[in-house]
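See structure below.
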Amino acid sequence: MKRSLLILASIIFMCFSCSAFADLDAGLAAFRRQDFKTSFKEFEMAAKTGNPIAQKWLGWHYEVGTGTTKNYSQALVWYRKAAVQGDRDAMESIGNYYAYGLGVKQDISTAVEWLRKATEAGSYAYPKNIPGISDNPAIKKRFDDGIAAAHDIFRRKAEQGDTLAQLNLGYMYLVDLSMMPQNMSQNQSQAVGWIRKAAEKGHAGAHGILGFMYAMEMVGERDQVQAAKWYQLAATQGNANAQYKLAAIYAGAGSMKYSFAKSVPKDIGKAKEWAVEAAQQGVVEAQTLLGVLLLKTGTSEKDYAEALLWLRKAARQADPEAQVFIGDIYVSGLGVPRDYSQAISFYRKAIDNSGSKFAYGRLARMYEEGLGIPKDNTEALQLYEKASESKFSTSDAPLHIKLARMYEDGVGTPKDDGKAFQHYGSAAVAGDPEAMKKLAEVFQKGLLGQKADLEKAKYWREQIAKGDVPK
């Protein structure tokens, strides 16, 4: 009888959780199409079940007054609920509320505490400029006076050896690095000095922030070795964000984005170990990273099943990268039956959640090849264009090649030499040899509406010969 009750309770909980995630997905989809009344209702239902992402977004709706009446006090209530569950965006919002006295008495010291906590959790949080609020003369004066008073209080306590005051004071100088760049050198020195004092006393948050500062070139050159050292100290004390950052370093994730003066050798074994630690503490990015590592190194159905398990955990928390990877799994049939409909569903979720360029590109391919959906080159072209609208990176070169060919050949659109040339140019600038070769031919023969220009043709042939591919 007892066992039956436990099973029944588990089933009820699972159904309840699925409903909460369905409400979250519906809210995000409505938000994406700017149907704020619907997104408010959906987020409210999911928030009441305890979903921190829905709680955060519900707070935002109350803050901005979309889909409901503006109410800072109610916004703060829901931000607090999300923050208790570790949502760093909610922590940052609470910090800003205390900084400017929104729905609560203005208190700069408390604002600093919350903003620092958000940074320890993985955000780079500082008081944001809020139109109509932060530029209000009376509020700005109270803010400036509060900053000065909090600085004096923290300094006095820090000089007496108070660890938390040392960390908060250092953090205030760290914030000044972004708000007052003219004092960057002085602020940088003060920030490192005070945060290091707290770190030397074993404060995990201080260790994590120092790791962040070394990783982001706030302490001399970008130094991954020093970053890993400080993240390791924080990670061994259970700091979940530091565990994730350390996993990412060992996985080589940071090396794809930045160039380091000193780098840590890739170690997938250590990356997995720390990713597991952070993922088990609920760090969404770590859950996605762990799933990806298991996918890439897996050799058995068990490995693929575990990868999908972690990716699903992250996807349920609206992580677009995880949703894209799950879509890819269903397209490839890796460890699961191939299911194009499921893939399309996850790509659409990633688009609804964040407008992921990768999801737009994957969904475009489904339309272009007619995978699980009627073939539609016009829709494919529009989706590829959506993918190309996001911030450009060298990894986007194949996307621009694809668009260039579609415009050149009139696939899904009337022929358009100008747009074809534009996309070939974008791919060439990113270092794509095929695009460079095409531009050399274009200028050699005067194609795609361009005048023949032998000097430009020569230039692009030289780039190919030099292998001049930007990193």
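The values are calculated or read from the model by the stated rules, or taken from the named source; none is laboratory data. Since we're looking at a predicted model, the values are computed, not measured. With ideal geometry, Cβ positions are generated from the backbone for all residues, glycine too; neighbour counts draw on all protein chains shown.
Here are the numbers:
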item: Residue check, residue 332 of a type in the set (S, T, N, Q), at pLDDT 95 or above and more than 23 Å from residue 279 (Cα to Cα); result: no
item: Residue satisfying condition, being within 21 Å of residue 358 (Cα to Cα) and either in a helix (DSSP H, G or I) or not basic (Lys, Arg) (or both), within set 447, 439, 403; result: 403
item: Test: residue in the stretch 454-471 that is crowded, with 18+ Cβ neighbours inside 10 Å and within 15 Å of residue 418 (Cα to Cα); result: no
item: Residue pairs meeting the criteria (Cβ under 8 Å; at least 6 apart or on separate chains; first of a type in the set (D, E, K, R), in the stretch 129-147; second buried (at least 16 other Cβ atoms within 10 Å of the Cβ)); result: 142/101; 142/106
item: Number of the exception - residue 78 against (1) crowded, with 23+ Cβ neighbours inside 10 Å; (2) out of contact with any Lys or Arg (no Cβ under 9 Å at 6 or more places or on another chain); result: (2)
item: The listed residue being surrounded by 23 or more Cβ atoms within 10 Å (Cβ to Cβ), modelled with pLDDT under 95 and out of contact with any Asp or Glu (no Cβ under 7 Å at 6 or more places or on another chain), out of 399, 363; result: 399
item: One residue from 428, 465, 457 being within 30 Å of residue 376 (Cβ to Cβ) and modelled with pLDDT under 95; result: 428
item: Checklist (1) over 20 Å from residue 280 (Cβ atoms); (2) over 19 Å from the mean Cα position of the chain (by Cα) applied to residue 232, failing item; result: (1)
item: Tabulated pairs, the stretch 26-53, first over 23 Å from residue 284 (Cα atoms), second of a type outside the set (A, V, I, L, M) and assigned to a loop (DSSP other than H, G, I, E, B), C-beta under 6 angstrom, 6+ apart or interchain; result: 36/66; 36/67; 37/67; 40/67; 40/68
item: Output for the stretch 186-218, where each listed residue is surrounded by 21 or more Cβ atoms within 10 Å (Cβ to Cβ) and under 24 Å from the mean Cα position of the chain (by Cα); result: 205, 206, 207, 208, 209, 210, 211, 212, 213, 214, 215
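This table checks each residue for (1) surrounded by fewer than 20 Cβ atoms within 10 Å (Cβ to Cβ); (2) touching a Leu at 6+ places or on another chain (Cβ under 8 Å); (3) within 30 Å of residue 24 (Cα to Cα).
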| residue | (1), (2), (3) |
| --- | --- |
| 231 | no, yes, no |
| 237 | yes, no, no |
| 249 | no, no, no |
| 253 | yes, yes, yes |
| 265 | yes, no, no |
| 275 | no, yes, yes |
| 282 | yes, no, yes |
| 291 | no, yes, yes |
| 306 | yes, yes, yes |
